[in-house]
Amino acid sequence: MDITTDTVIEAHGLTCSYGDFVAVRDLDLTVQRGELFALLGTNGAGKTTTMETLEGHRGADGGQVRVLGLDPQRDRAALRPRIGMMLQETGFAGDLTVRETLEMWAALTTRPDPVADVLERVELADRADTRVVQLSGGQRRRLDLALATLNRPEVLFLDEPTAGLDPESRERTWSLVTDLLAGGTTVVLTTHYLEEAESLADRIAIMHGGRIVREGTLEQIVGAAPAQITFRAPLADGAQLERELRTVVDPQDLHVDGDHVRLGVAELQPALGRLLGWADQHDHRLGRLHAQEASLSEVFTRISQDRIEENA
Ligand SMILES: Nc1ncnc2c1ncn2[C@@H]1O[C@H](COP(=O)(O)OP(=O)(O)OP(=O)(O)O)[C@@H](O)[C@H]1O
């Protein structure tokens, strides 16, 4: 595998199975130093399995993975001090205080930052003497993040770091992650919050059915997707309506479902102009007309509706 000094993570042809079930298929990905790479996907798409393989928690059944040039499983001892990970759930001893928990983990960590600094960093200084069991969900996730970043890792894996948090706690986590990025940490993040990826990620990969089906910057992913026009049909004859719309608008895709029409178009403004001109000319009224440029959420919804190709 050709790894440049700026490539921090590389997977090539990664395949992972649970028994006969292939959860990750022939996956390629590259993460560059200092970037935040967001792994998005539908439920069961294979994000956690991919993360666990990159973290060295499980081996690959096919393909190759390198993190900081090392094999995450075989070279785990060398890699462990250089990476941090925030899993979906961490088992804490609820009776310990926040400070005691951090001190215990710090004792097991190579070159940890001073616990007092870490408490400040994750805004838990005022909760240092609170028992873990008494923390709110958001505070607990910040403690997770504190443990994952005790030694300011070169690479940080965050598996759904803000799941279940209220908007304010989520914002706080984002600002912590932004600080870590500014300090040079490379971050791989999985999330179900698309706005999290939109605001934080340098690059995004969307998984579906064990594969990466879209990858690029937000602009690249959204820019390649069609804009949408929807309205209630002015004609009772669906077949005639379809013919006319194909001639007038020339859409990339067209769905007529009862009286609900959805058009996907490459350029929104000219397509909308032609559609309105046609409606005016024929005195058609387009009910509940709605037009919008593509968004990540729409790209995501379309992907989630795609059939999963099991054997392709
Ligand atoms: N231990 C396991 N045994 C069998 N199948 C598993 C196991 N762990 C995961 N799977 C299956 O592998 C697929 C990928 O799971 P994974 O947890 O990696 O997906 P995910 O994208 O993280 O999903 P989610 O967004 O729901 O957390 C799913 O279909 C899941 O049911």
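The values are calculated or read from the model by the stated rules, or taken from the named source; none is laboratory data. Please read all numbers here as calculations on a predicted model, not as lab measurements. Every residue, glycine as well, gets a Cβ built from its backbone with ideal geometry; the counts of neighbours run over all protein chains shown. Surface accessibility is based on the protein's heavy atoms, side chains included, excluding ligands, DNA and RNA. Shrake-Rupley method; radii C 1.70, N 1.55, O 1.52, S 1.80 Å.
So that you can scan it fast, the table gives a plain yes or no per residue for (1) of a type in the set (A, V, I, L, M, F, W, C); (2) open to solvent by less than 40 Å² (accessible area, probe 1.4 Å); (3) part of a helix (DSSP H, G or I); (4) closer than 19 Å to Ile206 by Cβ:
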site: Glu242; (1), (2), (3), (4): no, no, yes, no
site: Leu263; (1), (2), (3), (4): yes, yes, no, no
site: Gly273; (1), (2), (3), (4): no, no, yes, no
site: Ala294; (1), (2), (3), (4): yes, yes, no, yes
site: Arg307; (1), (2), (3), (4): no, no, no, yes
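Among residues of the range 207-240 being touching a helix residue (DSSP H, G or I) at 6+ places or on another chain (Cβ under 6 Å) and in a loop (DSSP other than H, G, I, E, B), the one that is farthest from the ligand (Cβ to nearest atom) is Leu235.
Among the residues of the range 275-292 satisfying the criterion of being assigned to a helix (DSSP H, G or I) and not aromatic (Phe, Trp, Tyr), which is nearest to the chain's Cα centre (by Cα)?
Among those that are assigned to a helix (DSSP H, G or I) and not aromatic (Phe, Trp, Tyr), it is Leu275.
Candidates are the residues of the range 20-49 that are among the basic types (Lys, Arg) and more than 6 Å from the ligand (Cβ to nearest atom); the one that is nearest to Thr185 (Cα to Cα) is Arg33. Scanning the range 172-206 for residues that are closer than 17 Å to Ile303 by Cβ, at pLDDT 95 or above, open to solvent by less than 30 Å² (accessible area, probe 1.4 Å) and away from the ligand (no atom under 13 Å from the Cβ) yields Ala201, Ile204. If you go through the range 19-43 and keep only what is in a loop (DSSP other than H, G, I, E, B) and in contact (Cβ under 8 Å) with a residue 12 or more places away in the chain, you end up with Arg33, Gly34, Glu35, Thr42.
All conditions in (1) of a type in the set (Val, Ile, Thr); (2) in contact with a strand residue (DSSP E or B) (Cβ under 7 Å, 6 or more places away or on another chain); (3) closer than 30 Å to His255 by Cα hold for Val222, with the sole exception of (2). Each residue in the range 96-120 was checked for being in a loop (DSSP other than H, G, I, E, B), farther than 14 Å from Arg131 by Cα and open to solvent by less than 60 Å² (accessible area, probe 1.4 Å), and 3 of them qualify. Here the range 1-19 is the region considered, the condition is being within 16 Å of the ligand (Cβ to nearest atom) and crowded, with 19+ Cβ neighbours inside 10 Å, and the residue that is farthest from Thr217 (Cα to Cα) is Cys16. Filtering Gln220, Gln228 for residues that are open to solvent by less than 60 Å² (accessible area, probe 1.4 Å) and on the phi < 0 side of the Ramachandran plot leaves a single hit, Gln228.
For the range 58-75, does any single residue satisfy the condition of being among the acidic types (Asp, Glu), within 16 Å of the ligand (Cβ to nearest atom), over 21 Å from Asp6 (Cα atoms) and not in a helix (DSSP H, G or I)? Even if it seems obvious, please write down each step before you answer.
First, pick out the residues of the range 58-75 that are among the acidic types (Asp, Glu): 61, 71, 75.
From what is left, the residues that are within 16 Å of the ligand (Cβ to nearest atom) are 61.
If we keep only those that are over 21 Å from Asp6 (Cα atoms) as well, we get 61.
If we keep only those that are not in a helix (DSSP H, G or I) as well, we get 61.
Within the range 58-75, one or more residues are among the acidic types (Asp, Glu), within 16 Å of the ligand (Cβ to nearest atom), over 21 Å from Asp6 (Cα atoms) and not in a helix (DSSP H, G or I).
Which one of these does Leu87 not meet: (1) away from the ligand (no atom under 14 Å from the Cβ); (2) of a type in the set (A, V, I, L, M, F, W, C); (3) touching a residue at least 60 places away in the same chain (Cβ under 8 Å)? Result: Leu87 passes all but (1). Evaluated against (1) open to solvent by less than 70 Å² (accessible area, probe 1.4 Å); (2) within 21 Å of His12 (Cα to Cα); (3) within 20 Å of the chain's Cα centre (by Cα), Leu68 falls short on exactly one condition, (3).
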